[in-house]
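Structure first, then comments.
The values are calculated or read from the model by the stated rules, or taken from the named source; none is laboratory data. All of these numbers come straight from a predicted model, not from anything done at the bench. With ideal geometry, Cβ positions are generated from the backbone for all residues, glycine too; neighbour counts draw on all protein chains shown. Keep in mind that these areas ignore ligands, DNA and RNA; they rest on the heavy atoms of the full protein, side chains included. Shrake-Rupley method; radii C 1.70, N 1.55, O 1.52, S 1.80 Å.
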Amino acid sequence: MKLGIGNDHIAVEYKNQIVKYIKEKYGYDVVNYGTDSTERFDYPIAGEKVANAVVNGEVDRGIVICGTGVGISIAANKVNGIRCVACSEPYSALLSRQHNDTNMLAFGSRVVGIELAKMIVDVWLTGKFEGGRHKVRVDMIHDIEERQK
Ligand code: RB5
């Protein structure tokens, strides 16, 4: 698995901890599309970069982090083909994989403590899409994108 990660200036050190955790626990390749500086870096830039990397197949899935996880997830979800869940607890993260086949995860460094964030990452990375009736609904989301073109 190859993951893309992105962040704004609020979440630099927090991002580093998440990357270290994923590399050590899963051995995944993690490509950094975020900033490593605490100078202002507007979250839509990172959200779009990671989202494009996912839809272009440069990476398999993406994780994006800003202060709340909200702005960066909204930006990512503007890219056709992205289903990014912004969440603060593991239940939604897991169900978003099982039912919505999310290909991006967002959370906020100002909202979610680092150990809880690791739990969220664990269930999101290991959760499997269940298909079936859920695929019908994911296909309907894709249809919305097609109608917007
Ligand atoms: C930056 O101040 C902050 O707005 C950003 O990190 C994020 O929380 C936006 O949704």
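Data for the structure
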read-out: Pairs with Cβ under 9 Å, 6+ apart, first in segment 46-65 and closer than 17 Å to D36 by Cβ and touching a residue at least 60 places away in the same chain (Cβ under 8 Å), second polar (S, T, N, Q) and part of a loop (DSSP other than H, G, I, E, B); value: I65/S109
read-out: Those residues of segment 76-96 which are in a helix (DSSP H, G or I) and open to solvent by less than 20 Å² (accessible area, probe 1.4 Å), in sequence order; value: A76, A93, S96
read-out: Per-region count, segment 98-117, residues open to solvent by 10 Å² or more (accessible area, probe 1.4 Å), more than 16 Å from I10 (Cα to Cα) and in contact with a helix residue (DSSP H, G or I) (Cβ under 6 Å, 6 or more places away or on another chain); value: 3
read-out: The one condition in (1) surrounded by fewer than 18 Cβ atoms within 10 Å (Cβ to Cβ); (2) away from the ligand (no atom under 16 Å from the Cβ) that W124 fails to fulfil; value: (1)
read-out: Subset of segment 1-24 that is open to solvent by less than 50 Å² (accessible area, probe 1.4 Å), within 16 Å of the ligand (Cβ to nearest atom) and of a type in the set (V, I, T) - its residue that is nearest to the chain's Cα centre (by Cα); value: I5
read-out: Residues within segment 35-49 that are under 12 Å from the mean Cα position of the chain (by Cα) and within 15 Å of the ligand (Cβ to nearest atom), tallied; value: 3
read-out: Test set (1) over 13 Å from the mean Cα position of the chain (by Cα); (2) open to solvent by 60 Å² or more (accessible area, probe 1.4 Å); (3) closer than 24 Å to N16 by Cβ; (4) β-branched (V, I, T) - V70 fails condition number; value: (1)
